Amino acid sequence: MAVILNIETSSTNCSVSIGKNGDLISLVEKDDAQYSHSEKLHLFIKEALKNASLSFSDIDAIAVSKGPGSYTGLRIGISTAKGFCFSLDKPLISLNTLETLSHQLKIDEGVIVPMLDARRMEVYSAVFDKDHHEIRATRAEIITPESFGTYLNEEVVYLMGPGAEKCKEVVTGSNIQVVTSKHVPSAREMARLSEKKFKTNDFEDVAYFEPYYLKDFVVTRPKKS
């Protein structure tokens with residue numbers, strides 16, 4: 001049983017929640033294509049604590065979305081989480097972004113493929129069963145008509161998340177369901193998942209923990225005019 005501050009900044013959604021014993025008691029978030037995380041995150045943390053009538057001294061642990069996702073977003077969220085852990089002497093919990101995202105979709109049968117856009121026709125994806133257990137690990141992949149063929153022959157495949165929309169014209173078939181309602185990573189689903197890790201003392205080494213980028217960060221230079 002714990003009070004956990006959850007931070008999610010891996011996508012356009014800057015999201016903060018407070019979980020108490022696994023129940024969501026406060027949520028502050030804004031989905032902004034301009035990636036205003038550096039300006040909003042600390043304000044959202046203060047607002048989330050205020051809404052829950054809590055102070056930093058009440059927090060038992062800090063949980064953060066570790067990636068994959070936006071390089072800049074992940075750096076902002078994880079550096080903030082680590083800073084709080086050092087200053088408050090609290091443990092750090094990390095959650096896989098795609099696993100957390102998968103919990104936004106409830107199905108009775110089939111598999112869930114949460115996706116984050118990785119530019120062009122590439123996505124970050126993983127595959128989860130109807131109970132949100134991972135059955136294929138997270139990876140960066142270029143979407144082709146053959147993607148997810150292993151699962152298409154046996155069950156319904158639900159593509160969801162910010163990377164799913166661009167797959168509609170490429171991955172087709174009667175077993176493919178592209179979830180059109182907007183799902184972005186959120187700290188809402190983190191409350192219950194971070195509580196489970198807290199109970200088993202599944203903590204990160206604050207000094208050495210790094211974002212799960214999955215791909216190397218490539219700096220591009222502007223072309224000379």
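The values are calculated or read from the model by the stated rules, or taken from the named source; none is laboratory data. All values reported here derive from a predicted model rather than from experimental measurement. Neighbour counts run over all protein chains shown; Cβ positions are idealised from the backbone, glycine included.
Count of region 16-46 residues, restricted to those that are under 20 Å from SER79 (Cβ atoms) and surrounded by fewer than 16 Cβ atoms within 10 Å (Cβ to Cβ), is 9.
Looking at THR150, is it touching a Gly at 6+ places or on another chain (Cβ under 6 Å) and not small (Gly, Ala, Ser)? Spell out the reasoning first.
Working: touching a Gly at 6+ places or on another chain (Cβ under 6 Å): no; not small (Gly, Ala, Ser): yes.
Taking the combined requirement at face value, the residue does not satisfy it.
Please verify whether region 160-181 includes one or more residues that are outside the structural domain of PHE44 (by TED's automatic domain parsing), assigned to a strand (DSSP E or B) and modelled with pLDDT of 95 or more. The answer is yes, given that some residue of region 160-181 is outside the structural domain of PHE44 (by TED's automatic domain parsing), assigned to a strand (DSSP E or B) and modelled with pLDDT of 95 or more.
Condition check ((1) within 14 Å of the chain's Cα centre (by Cα); (2) in a strand (DSSP E or B)) across all residues:
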residue	(1), (2)
ASN6	yes, yes
SER17	yes, yes
LYS30	no, yes
GLU39	no, no
LEU54	no, no
LYS90	no, no
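The condition (being out of contact with any Cys (no Cβ under 9 Å at 6 or more places or on another chain), among the polar types (S, T, N, Q) and assigned to a helix (DSSP H, G or I)) is satisfied by just one residue among THR100, THR144: THR100. Annotation note: of VAL127, VAL184, the sole residue that is modelled with pLDDT of 95 or more, of a type in the set (A, V, I, L, M) and in a loop (DSSP other than H, G, I, E, B) is VAL184.
Here GLN104 fulfils each of the conditions (1) farther than 28 Å from PHE198 by Cα; (2) surrounded by fewer than 21 Cβ atoms within 10 Å (Cβ to Cβ) apart from (1).
Does MET121 satisfy the condition of being under 30 Å from ILE25 (Cα atoms) and touching a residue at least 24 places away in the same chain (Cβ under 8 Å)? The answer is no for MET121.
When the residues of region 141-155 are filtered to those that are surrounded by 15 or more Cβ atoms within 10 Å (Cβ to Cβ) and aliphatic (A, V, I, L, M), the one that is modelled with the lowest pLDDT is LEU152.
Quick check on this structure: which one of ILE76, ILE18, ILE45 is under 22 Å from TYR213 (Cβ atoms) and among the β-branched types (Val, Ile, Thr)?
ILE76
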